[in-house]
Amino acid sequence: MAKNADYMHGLGANERALLERIPLLPLRKFAAGMVRAKMRVQFTGWLQYLIPIFPMLLLFLLAGITHLFKISFLVFIFSALGCLLGIIVIFDLVTVKFQLRFPEKLPQRNDDLDLFDLMRARHSCRSFQTRKLTKADHTELMTSIHTHLDEPKIGKAPIRLEYISAPLTVWPVVNATEFLIAIAPKKYDRHAVIDVGRSLQKVVMDATRMGLGTCWIGPGADHASIMASLGERFDPEKDHIICISAVGYKSNYIPLFIRAFNAQASNSRLPLSELFFADTTFTQPLDVHTAPFNRFGRNYEICQWAPSSYNGQTTRCVAVTDENGELKSFDFYAATASQYYAPVALGIWSANWEMGSEALGLEGHFDVRSEDEGENLPRVDLSWVIDKI
Ligand SMILES: Cc1cc2nc3c(=O)[nH]c(=O)nc-3n(C[C@H](O)[C@H](O)[C@H](O)COP(=O)(O)O)c2cc1C
């Protein structure tokens with residue numbers, strides 16, 4: 001265990017959890033070294049463009065090997081694919097890294113979408129246009145921040161969303177220059193972390209309605225550069241950065257690696273039967289299509305498609321009924337022991353649930369459930385108690 005602590009030093013909880021799944025110690029140490037090297041390179045802003053070079057070199061190697069064996073059609077295929085990849089890498093470098101590109105149009109607003117379609121339209125944006133937010137969009141975004149920060153919170157500790165305009169290097173997002181920084185007190189407070197998820201998600205949805213691209217960034221954020229940009233707005237004695245969100249106009253120039261990343265990270269979710277349950281042992285999936293649960297319509301879907309770090313989907317929900325089968329509450333649980341990203345994800349679900357319920361005209365309120373502070377997982381954090389449906 002002591003050895004583990006040594007070679008895992010400096011790695012985040014997600015990376016540690018992944019590495020611990022590797023059975024052989026030497027392999028695990030090698031993988032830890034690779035992860036650490038990747039972390040060093042990722043904040044230089046070059047890794048996104050370097051990664052496709054490896055398959056390109058492999059294709060040229062294969063072309064060379066098949067040439068030795070005189071299999072000419074394979075030589076042609078491998079060389080052609082290698083050249084194609086090379087052209088794409090150069091195109092990405094020129095248009096994205098060096099920003100030599102045609103100007104792009106401002107995206108359309110999404111005012112025509114209802115809340116549920118709007119939530120489904122949101123996806124992480126990892127490549128941004130080079131222009132800054134217009135004055136009107138900036139003002140509207142600041143109004144959204146103030147509105148949602150002023151709303152009643154789950155916890156008692158204060159949270160902040162600071163706006164910065166700076167070319168931070170974040171992973172793997174490219175060309176983002178405007179960010180919202182979510183800050184909670186340095187002394188750990190789980191409810192403040194839930195509040196960060198809940199408030200920032202409401203701002204993210206307002207930004208989506210405005211037609212802006214957003215990307216939550218947690219493990220991919222370099223805290224040292226964020227603190228430097230915040231200057232006097234950050235007090236290392238009192239403040240803790242929970243996560244950030246890039247915000248800006250989505251670009252159509254998307255590097256190959258980010259296209260692949262988006263496809264892998266964005267397009268899959270656990271089925272509802274693995275997220276919503278009718279019992280606290282999480283064995284009986286909730287039948288969301290029958291009464292009384294079907295009153296909540298697409299609420300289930302918008303929670304299912306909520307963002308979470310590494311698409312970990314760590315939130316679960318249990319519908320609580322009384323002895324007459326009458327619906328009393330929906331209880332929200334964190335499925336992992338993660339101190340930050342699981343409560344942030346739960347906060348995001350709670351925001352989606354709340355906004356969805358309001359759109360459906362269903363009334364309820366959140367109660368904090370702090371009785372379950374043991375090690376048991378999933379652990380309950382919040383109840384949405386039904387007032388009137
Ligand atoms: C708290 C949190 C942290 C995240 N951190 C990162 C990150 O560091 N880099 C990144 O590219 N995406 C990050 N994401 C975005 C997730 O990868 C994304 O939400 C998830 O893959 C689902 O895809 P979607 O947002 O496109 O629906 C984060 C999301 C959350 C909620």
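Throughout, read-outs are computed from the coordinates displayed, never taken from laboratory work. Everything numeric here is computed off the predicted structure, so don't read it as measured data. Note that each Cβ is placed from the backbone with ideal geometry, even for glycine, and that neighbours are counted across all protein chains shown.
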>> I'd like the Karplus ³J(HN,Hα) series for segment 297-309: coefficients 6.51, -1.76, 1.60, θ = phi - 60°, whole numbers in Hz, and an x wherever there's a Gly or Pro.
In response: x, 7, 4, 5, 5, 6, 6, 4, 9, 5, x, 8, 4
> Using alpha carbon centroids, what distance separates segment 8-47 and segment 68-96, in Å?
Replying inline: 30
>> Taking amide H atoms as placed 1.01 Å from N in the peptide plane, list the residues 5 or more away in sequence, or in a different chain, whose amide H sits under 5 Å from that of Leu286.
In response: Phe276, Phe277, Ala278
>> Please list, in order along segment 235-249, the HN-Hα scalar couplings obtained from phi with the Karplus expression 6.51 cos²θ - 1.76 cosθ + 1.60 (θ = phi - 60°), rounded to whole Hz, x for Gly and Pro.
In response: 10, x, 6, 10, 9, 9, 7, 8, 6, 9, 10, 6, 9, x, 9
> Pairs Lys153/Lys328; Lys132/Lys156; Lys132/Lys238: which exceed 27 Å Cα-Cα?
Replying inline: Lys132/Lys156; Lys132/Lys238
> Among 265-272, 93-100, what's the highest-first ranking by average C-beta atoms within 10 angstrom per residue?
Replying inline: 93-100, 265-272
> Quick one: net charge of Gln339's neighbours, Cβ under 11 Å, K/R +1, D/E -1?
Replying inline: 0
> Per-residue ellipticity at 222 nm for the chain, helices alone: DSSP H runs ≥ 4 residues times -39500 (n - 2.57), over residue total, nearest 500 deg cm²/dmol?
Replying inline: -13000 deg cm²/dmol
> Check Gly248: other-chain or 5+ apart residues with amide H under 5 Å from its amide H, H built from backbone geometry?
Replying inline: Gly213
> Which ³J(HN,Hα) values, rounded to whole Hz and listed in residue order, are derived for segment 383-389 from phi using the Karplus coefficients 6.51, -1.76 and 1.60 in 6.51 cos²θ - 1.76 cosθ + 1.60 with θ = phi - 60°, glycine and proline given as x?
Replying inline: 10, 9, 8, 6, 9, 7, 10
> Taking neighbour Cβ counts within 10 Å as the exposure measure, how do Phe234, Phe276 sort from fewest upward?
Replying inline: Phe234, Phe276
> Amide H to amide H, which residues 5 or more places from Asp239 or on other chains are under 5 Å from it, using H placed in the peptide plane?
Replying inline: Lys186
>> So if I take the centroid of the Cα atoms in segment 212-247 and the same for segment 307-364, what is the distance between those two points in Å?
In response: 26
>> Using a 10 Å cut-off around each Cβ, can you sort Lys70, Lys328, Lys250 from fewest to most neighbouring Cβ atoms?
In response: Lys70, Lys328, Lys250
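What helices does the chain hold that run 20 Å or longer along their axis, going by alpha-carbon atoms, with a Kyte-Doolittle average of 0.5 or more, using DSSP H for the helix calls? Mind dumping the intermediate values first?
Working: long enough: 25-42 (25 Å, 0.07); 53-68 (23 Å, 2.20); 72-92 (30 Å, 2.44); 135-150 (23 Å, -0.69); 190-209 (29 Å, -0.12); 341-360 (28 Å, 0.39).
Qualifying helices: 53-68, 72-92.
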> Got a sec? How would Met39, Met119 order by Cβ neighbour count within 10 Å, fewest to most?
Replying inline: Met39, Met119
> Could you list log10 I(q)/I(0) for the chain at q = 0.06, 0.08, 0.11, 0.14 Å⁻¹, which the Debye formula gives when each Cα is one point scatterer?
Replying inline: -0.28, -0.48, -0.88, -1.30
> Straight-line reach from Lys135: which lysines have a Cα under 24 Å away, not including same-chain ones fewer than 8 places off?
Replying inline: Lys105, Lys202, Lys250
> How long, wide and thick is segment 2-97, going by the Cα atoms along their three principal axes, in whole angstroms, largest first?
Replying inline: 54, 36, 15
